[in-house]
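The values are calculated or read from the model by the stated rules, or taken from the named source; none is laboratory data. Just so you know, these numbers come straight off a predicted model, no measurement behind them. Using ideal geometry, Cβ is built from the backbone for each residue, glycine included, and neighbour counts are taken over all protein chains shown. The accessibility values were calculated without ligands, DNA or RNA, using every heavy atom of the protein model including side chains. Shrake-Rupley method; radii C 1.70, N 1.55, O 1.52, S 1.80 Å.
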Protein chains: 2
Amino acid sequence: MKFEAVTIKDIAKALGISTSTVSRALRDSYEISPETKQLVLDCAETLNYRPNPIALSLKERRSRSIGVVVCEIANSFFSQVINGIESIAYDKGYNVIISQSHESYEREMMDLHYLSSRSVDGLLISLSTETNDISHLQALHQKGLPIVMFDRISDEIQTHCVVADNFKGAYEATEHLIQRGYKKIAAIANSEFLSITTERLAGYKEALHTYGHKYNNAYVKHCFYGGMVFSEIEEAVNKLFTLKQRPDAIITTSDKLTTGCLKTLVRRGIRVPEDIALVGFSNSDLAELLNPPLTVLRQPAMEMGRDATELLLQLIESKRPITQFEKRVLSPELILGHSSVPQPDLQLIK
Amino acid sequence: MKFEAVTIKDIAKALGISTSTVSRALRDSYEISPETKQLVLDCAETLNYRPNPIALSLKERRSRSIGVVVCEIANSFFSQVINGIESIAYDKGYNVIISQSHESYEREMMDLHYLSSRSVDGLLISLSTETNDISHLQALHQKGLPIVMFDRISDEIQTHCVVADNFKGAYEATEHLIQRGYKKIAAIANSEFLSITTERLAGYKEALHTYGHKYNNAYVKHCFYGGMVFSEIEEAVNKLFTLKQRPDAIITTSDKLTTGCLKTLVRRGIRVPEDIALVGFSNSDLAELLNPPLTVLRQPAMEMGRDATELLLQLIESKRPITQFEKRVLSPELILGHSSVPQPDLQLIK
DNA sequence: TTTTTTTACGCAAACGTTCCCGATAACGAT
DNA sequence: ATCGTTATCGGGAACGTTTGCGTAAAAAAA
């Protein structure tokens, strides 16, 4: 069932020379005569020699692969991030090993353990919604594993980070709703553990404050599993709708929450934006095709992936330990749809 | 920048015994005394020993990793397949390396070369839309690399396959449109190279034939890049709309084509299903939220991934060469939306 | 007691590669 | 003739692990 790969030994044997010579010839060392080099190169060609990356990894003590931990691939934002990661890694000859936490802390730990046992050279991670304690990451980091965090970060680890300007995004989305005349703006957010939750809610609150709206705690609902469990969103929406002061707009803080919220509203027969407006973070390509076309905050996902990977490779390939860390903050983009247009205005559009 | 991992040598040195003893103790060999075993185990524990998988791979000549080649991760169908693949691989201790062809033949070749040089133990692949010649795959297969194909397969390679019942799916979708009263049903399909194209169009034609509709060649448009190039879809739609006998329904044969087609129609201000009906293959979770809610053919993606992985691991772990190959055919599911409901019926629904 | 068996461990090779040290030969300089 | 250079190559250790074989001591059988 196994096919025998051709090694430098085979070339050496075929040519009657030593493996060291073959190795050096292939690496174009100066101490090999041009003739021998050519001989080796030709022989390697005809035998279809491929260097064994595993032997190389063992020798050089690096695997030329990086680990990626995200909560879900089947999520527009993360799959776009991965595209960014891949594009850079591929160019630099690095292998990308992707694993999903499925928003589970336990699973994240397993992934991390798995990746480190696979001896990846570095790690890109966006924390799971359940993750509160990051001592497992700390441990890896202190052992010297280069780590770059993106999107859902933690400042308990001193390293490079790449995030969207969550505060600004949420601020602008809320401001947008206010300017459109909405008065009672609710928020459905992720787990309180997550950095994005804190930052986005802060932007939301700040916008309310700036425009003289007062913050209502009952208007903010948290979905611990970030929408992985659908009933969570249903419950959040239900609670908002049973308030005496029913909100007239909702802002959601992540992809899954946004589409999940819309799904709940649609299934309950609540009209958007006539009954309630909706604006949310989402990187779905289908936002404009939804009913109604959604006003979304789109993160520069691909770019985030690229940036994070560049920073990681920089960390990996640096000779001396790096102590100055960078936090890149990219701007999200507010893309207008119809889900945030109050009824009178809507007539004008249609 | 590198952290020194603890090896069996360290344990051996610490305990004053040989590495072979340590190795055997860790593997719970019968020829090691219980006391020594305990000693080694304890020592490994305190030193936080982790076996080096690279050294193991080199020794055992297997990497315990499988390669996956799909055209795009950011595609509901494929990300769901990957979830299925991952779930099985993870259980069996296999690593999954994902790479994307982005529907490019050249890129697929590079991916394959990369994966094989990475010495994966097996390969799961769904061909790119450009792929016409599969001699590169043949070569790998003949060298003994276990391969399982899924979704977009080729019967030029004798191996396990996992596919949806494309014929039946397309037949049922077309039948559905016919029964709803549509008379002029067009199809927007993928590259003619792809197995799914042939099979799905065959189902489409068969349904037309069964119900006495005659097949019109002008009603079938191919998108060579399967919707990766958006203009392709626009062009296909435009051509259909310039026909003297304008079609009253469209069936699309893949996820990207389905949503791309809807996007084109929406942007052109064409109403669905009032002006034209739409049914397509899609695994998007958002189908029901679209405007209009889409009637889709949903493939059992997760299950396909799981099945394919099981078959692959079976191939990999088999002692003797396998000559009997299996082709698993799973049923897609027709999920009704509003995009395939003629106008009068639509009144009733609303 | 002697012989055999069992128990418990070590030595060393192997996986494919790189690279530090030599080693050899040719050649010019002394 | 001797020496130092230079060019070109090979030997062998090393990366971390497993494993076949050998062997000492201990236990069991004779």
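Estimated at 0.36 nm per residue, the fully extended path between B:Lys244 and B:Thr19 surpasses their Cα-Cα distance by 72.8 nm. Starting from the 7 Å offset along Cα-to-Cβ, what nm value, one decimal, do you get for the label separation of B:Arg267 and B:Gln324? Output for this residue pair reads 5.2 nm. Nonpolar atom fraction for the range A:8-51, defined as the carbon and sulfur part of the 1.4 Å probe accessible area, stands at 51 percent.
Sequence-distant contacts, meaning Cα pairs under 8 Å at least 6 residues apart, place the relative contact order of chain A at 18 percent. The residue in chain A that lies nearest, by its beta carbon, to the axis linking chain A with chain B is given here with the distance in whole angstrom as A:Asn291, 2.
Would you mind checking B:Lys214/B:Lys263; B:Lys214/B:Lys256; B:Lys205/B:Lys244; A:Lys184/A:Lys263; B:Lys168/B:Lys327 for any pair whose Cα atoms are more than 18 angstrom apart? Kindly include the intermediate steps, with their values, before the conclusion.
On the way: B:Lys214/B:Lys263 28 Å; B:Lys214/B:Lys256 27 Å; B:Lys205/B:Lys244 21 Å; A:Lys184/A:Lys263 21 Å; B:Lys168/B:Lys327 16 Å.
The answer is B:Lys214/B:Lys263; B:Lys214/B:Lys256; B:Lys205/B:Lys244; A:Lys184/A:Lys263.
Looking at the range A:8-51, the pairs of alpha carbons with a distance over 11 Å make up 57% of the total. Neighbours of B:Val329 by Cβ distance under 12 Å: Lys/Arg scored +1, Asp/Glu scored -1, total -3.
Other residues lying with their Cβ under 11 Å from the Cβ of B:Ser63 contribute a combined charge of +3, Lys and Arg counting +1, Asp and Glu -1.
A label point on A:Arg267, set 7 Å along the Cα-to-Cβ line, lies at 3.2 nm from each of its counterparts in the other copies, closest listed first.
Taking the label point 7 Å along Cα→Cβ, B:Gln38 and its counterparts in the other copies are spaced 6.9 nm apart, in ascending order.
Of the trypsin sites (Lys or Arg not before Pro) found in the range A:129-177, those that fall in a DSSP loop while having at most 15 other beta-carbon atoms within 10 Å are A:Lys143.
Average accessible surface for the range B:6-107: 48 Å² per residue, computed with a 1.4 Å probe over protein heavy atoms with every protein chain in place. Restricting the range A:1-106 to chymotrypsin sites (Phe, Trp or Tyr not before Pro) that sit in a DSSP loop and have at most 13 other Cβ atoms within 10 Å of their own Cβ leaves A:Phe3, A:Tyr30. Helices in chain B, meaning DSSP H runs of at least 4 residues, each add -39500 (n - 2.57). Divided by all residues, the mean residue ellipticity at 222 nm is -13500 deg cm²/dmol. Summarising the overall dimensions of chain A from its C-alpha atoms, the Rg and Dmax are 26.0, 89 angstrom.
Counting every alpha-carbon pair across the range A:242-308, the share separated by more than 13 Å comes to 65%.
Amide H contacts under 5 Å for A:Leu123: A:Gly67, A:Ile147, A:Val148, restricted to partners 5 or more places along the chain or on a different chain, H placed in the peptide plane at 1.01 Å from N. Taking Cα atoms only, the orientation of helix B:34-47 departs from the longest principal axis of chain B by about 60 degrees. Where does helix A:166-179 land angle-wise versus the long Cα axis of chain A, in degrees 0 to 90, nearest 10? The helix A:166-179 is inclined about 30 degrees to chain A. The P(r) of the range A:1-110 has a tail past 24 Å containing 50 percent of all C-alpha pairs. The string of couplings for the range B:224-237 from the Karplus curve (6.51, -1.76, 1.60, θ = phi - 60°) is 4, 8, x, x, 5, 9, 5, 4, 4, 5, 4, 4, 4, 5 Hz, one whole number per residue in order, with x for Gly and Pro. When only alpha carbons are used to place a centre, the range B:85-114 and the range A:1-65 end up 26 Å from one another. Checking the a/c ratio against 1.5 first, then a/b against b/c, what shape does the Cα gyration tensor give for the protein assembly as shown? Oblate is the answer for the protein assembly as shown, as a/c is 1.5 or above yet b/c matches or exceeds a/b. What the phi angles of the range A:116-133 give under the Karplus curve with 6.51, -1.76 and 1.60, with θ = phi - 60°, is a coupling list of 6, 5, 7, 6, 6, 7, x, 9, 10, 9, 10, 4, 6, 5, 7, 6, 10, 9 Hz, glycine and proline written as x.
Mind jotting down the distance between the C-alpha centroids of the range A:119-147 and the range A:162-225, whole Å? Taking the Cα centre of each part, the range A:162-225 and the range A:119-147 sit 28 Å apart. Shortest first, A:Val329 label-point distances to identical copies amount to 5.8 nm, with the label point at 7 Å from Cα along Cα→Cβ.
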